[in-house]
Amino acid sequence: MSKLNLLLTREQSVEMTAKLTLILIDMYGLDGSLDIEVDQHGNESFTEDSQERFDAFYAEAGQILFALGLTEEVQS
């Protein structure tokens, strides 16, 4: 059986991986939701601990998408 391979743009790949990451955190993130901090200019970012958790789940999400045959197209 041949493996399905769908090519995604860089933007699509990042967006799909980030969305799947948040789904995985909601489903399996036993430490609760991600914490966000706001700097003096109003910019939002994850706290250091939340960023580490996001990064770990992001790597897993990327592996899942790859296993499903979704890959990022090579830019020339």
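The values are calculated or read from the model by the stated rules, or taken from the named source; none is laboratory data. These numbers were taken from a predicted model, which means no experiment stands behind them. Cβ coordinates were reconstructed from backbone atoms using ideal geometry, including for glycine residues, and neighbour counts include every protein chain displayed.
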Conditions: (1) more than 15 Å from the chain's Cα centre (by Cα); (2) within 21 Å of Ser13 (Cβ to Cβ); (3) among the aliphatic types (A, V, I, L, M). Val38 meets all but one. Number of the miss?
(2)
Does Ser50 qualify as being under 17 Å from the mean Cα position of the chain (by Cα), under 18 Å from Glu73 (Cβ atoms) and surrounded by 11 or more Cβ atoms within 10 Å (Cβ to Cβ)?
no
Any idea which of Glu15, Glu52, Glu60, Glu11 is touching a residue at least 12 places away in the same chain (Cβ under 8 Å), among the acidic types (Asp, Glu) and in a helix (DSSP H, G or I)?
Glu60
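So that you can scan it fast, the table gives a plain yes or no per residue for (1) of a type in the set (Phe, Trp, Tyr); (2) more than 25 Å from Leu6 (Cβ to Cβ); (3) modelled with pLDDT under 95:
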| site | (1), (2), (3) |
| --- | --- |
| Lys19 | no, no, no |
| Leu22 | no, no, yes |
| Ile25 | no, no, yes |
| Leu34 | no, yes, yes |
| His41 | no, yes, no |
| Glu52 | no, yes, yes |
| Tyr58 | yes, no, no |
| Thr71 | no, no, yes |
| Val74 | no, no, yes |
Tell me which of these Leu30 doesn't satisfy, since it passes every other one: (1) surrounded by 11 or more Cβ atoms within 10 Å (Cβ to Cβ); (2) more than 14 Å from the chain's Cα centre (by Cα).
(1)
Restricting to the stretch 21-34, name every residue that is part of a helix (DSSP H, G or I), more than 12 Å from Phe54 (Cβ to Cβ) and hydrophobic (A, V, I, L, M, F, W, C).
Ile23, Met27
